[in-house]
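Some notes on the structure that comes next.
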Amino acid sequence: MNNDQQTLLITGGAGFIGSNFIDFFTEKYPKTQVLNIDKLTYAGNLDNLREIEPRKNYHFIQGDIGDEDTVTSIFEEYDISGVINFAAESHVDRSIEDSHAFVESNVLGTLTLLNAAKKDWEEKGELATRRFHQISTDEVYGSLGKEGSFSESTPYNPRNPYSASKASANFFVKSFGHTYGMNVVISSSSNNYGPRQHKEKLIPTIIHHALDGKQIPIYGDGENIRDWLYVMDHCRALDAVYHQGGPLETYNIGGGNERTNKEIASQICSILDEFVPDYRQSSAIMSYKELITFTEDRKGHDRRYSVDDRKIRQELGWEPVVDFASGLWKTVEWYVNEWKKVQTF
Ligand SMILES: NC(=O)c1ccc[n+]([C@@H]2O[C@H](COP(=O)([O-])OP(=O)(O)OC[C@H]3O[C@@H](n4cnc5c(N)ncnc54)[C@H](O)[C@@H]3O)[C@@H](O)[C@H]2O)c1
C-alpha cells in the first residue's frame, strides 16, 4: 500500500490506545492525512491529543460512529483510504452494570462504519483493496486456567458483556470480508499499559490511589493474570497489521508479560517508593504496599488471559521492544507527573 496522499480514518482516537497510535502514526507517515472521529464519551479526552493537534496531517471530528449521517458524510467529504476502528466502550465493570452502550458503540457502531466504508469503496471499485482494520481484544477468547494460550483459531468464548460486544463486532467484520469481499483484518491484543489511560483502569487506579494515600483496591485474591503490552509496542504492531496483514486474517498481539494483579500493584508500589517517597508521609506508611487491599471480586472475573502471538512475529516480523520493568517505570513517571499538575499542595 502506498502511503502518499492517503486519508486514514481513525475512530476513538481521543482514548488511550487511539491517541498513542495517532501520535505514532502522524509522525511516522507525515504524508498521510489522519482523520480522528471520536464521540468524546467520558473516556475520550482531547488533552490526550494536545501535542498532536498542531500537526498538519491531523484533523479531529467530534462524532458517533453509530450515527449513520455523520459517518456517511465523512466518506462523502473525504477520500478515505482505510479505517482503523478503535472506538469502543472499553471498561468491563461498566458493561457489567449496563451493557446497552456497549452494544450501541461496539456492535452497531462497527456495523455502521462497515456499511459506510463498503458503500463508498464499492462505488470506487476499491472494496478489495482499501482496508478496514478492527481493533479487538484477547478477552473475546474467554478465560484460561494455569496452562495454555489463545491462538487465532481459538473459538470465541466471551464471558462478560464487554467481551461479548467485541466478539460480536468481530463476527460482523469477518462477515463483511466473506460476504462482500471487503479487505478486513482484525488484531486482538492483550492488556495495554502506558500513558494516557483513563484513571478507572487498573494501573492508573493503583497509582492515583497510592498518591492520594487511599486504599489500593485489588479484586478478589489478586491472582487474576493478564499479559501486559506496552502501548507503543501495540502501535508498532498495528502499523504492521494495517499495512501488511493478509485480508480476513486475525493477528494476536501480546507483551509476553504475564503478571497477577497482585504483582502489578506491588511492582508499582516499589517504583513509587523509590520515585516519590515523600508522598507517603501524609498516610504515615513506610511503603505504598501497605495501601493494597483486596475487595469483593468482579462478577464472572476471567482468571487468566494469555495470547500466542507467534503468527505476527513470524509473518509480519513484529516483536515487542519495551521490557516490562522500564515500560512500567516510564508509565508510573507519566501518571505521577500528571497527578502533580493538578495538586494544589
Ligand atoms: N486498553 C486495553 O488494554 C485494550 C486491550 C485490547 C483491546 N482494546 C481495544 O482497543 C480499543 C481502544 O481501547 P482504549 O483502551 O483506548 O479505550 P478508551 O476507552 O480509552 O477509548 C475509547 C475511545 O472511543 C471513543 N468512543 C466510544 N464510543 C464511541 C462512539 N460510539 N463513536 C466514536 N467514538 C467513541 C471514546 O470517546 C474514547 O475516546 C477498544 O476497541 C478496545 O476494545 C483495548
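The values are calculated or read from the model by the stated rules, or taken from the named source; none is laboratory data. Here the structure is a predicted model, which means the values were calculated and not measured. In this analysis, Cβ positions are derived from the backbone assuming ideal geometry, glycine residues included, and neighbour counts consider all displayed protein chains. The protein model used for the area step is the full one, side chains on, heavy atoms only, and it has no ligands, DNA or RNA in it. Shrake-Rupley method; radii C 1.70, N 1.55, O 1.52, S 1.80 Å.
Here are a few things to note about the model shown:
- Other residues within the sphere of radius under 11 Å centred on the Cβ of E338, judged by their own Cβ, net out at +2 (K and R +1, D and E -1).
- Amide H contacts of T293: I216, I218, each under 5 Å away and 5 or more positions distant or on a separate chain (H built 1.01 Å from N in the peptide plane; Pro and chain starts excluded).
- Charge context of M232, other residues only, Cβ under 14 angstrom, K/R +1, D/E -1: -2
- The chain, Rg to Rh (Cα coordinates; Rh as Kirkwood inverse mean 1/r): 0.97
- Report summary: the helix-based calculation at 222 nm, which adds -39500 (n - 2.57) for every DSSP H run with n ≥ 4 and divides by the residues of the chain, gives -11500 deg cm²/dmol.
- Near I37, once Lys and Arg are set to +1 and Asp and Glu to -1 for all other residues with Cβ below 10 Å from its Cβ, the sum equals -2.
- Between Q244, Q281, Q62, the Gaussian network model of the chain with springs among Cα atoms under 10 angstrom shows the greatest mean-square fluctuation at Q281.
- Reachable lysines, given that their alpha-carbon falls under 17 Å from the alpha-carbon of K28 and they are not under 8 places away in the same chain: K56
- Rg/Rh ratio calculated on Cα atoms of region 245-345 (Kirkwood radius): 1.09
- Computed over region 91-136, Cα set: Rg, Dmax in Å: 14.2, 44
- C-alpha long axis of helix 202-211 to longest principal axis of the chain, angle in °: 40
- Among T295, T137, T70, residue whose mean-square fluctuation peaks in a GNM of the chain (springs only between Cα atoms under 10 Å): T295
- Summed over the residues of the chain and divided among them, the accessible surface reaches 44 Å² per residue at a probe radius of 1.4 Å.
- Cut-off under 5 Å, modelled amide H: who pairs with V307 long-range: F150
- Applying 1/(1 + (r/R0)^6) with R0 = 30 Å to the Cβ-Cβ distance of V342 and D98 gives a FRET efficiency near 0.55.
- Restricting attention to region 186-345, close to 20% of DSSP beta bridges with both partner residues there are antiparallel.
- The chain, accessible surface, carbon-and-sulfur percent (1.4 angstrom probe): 48
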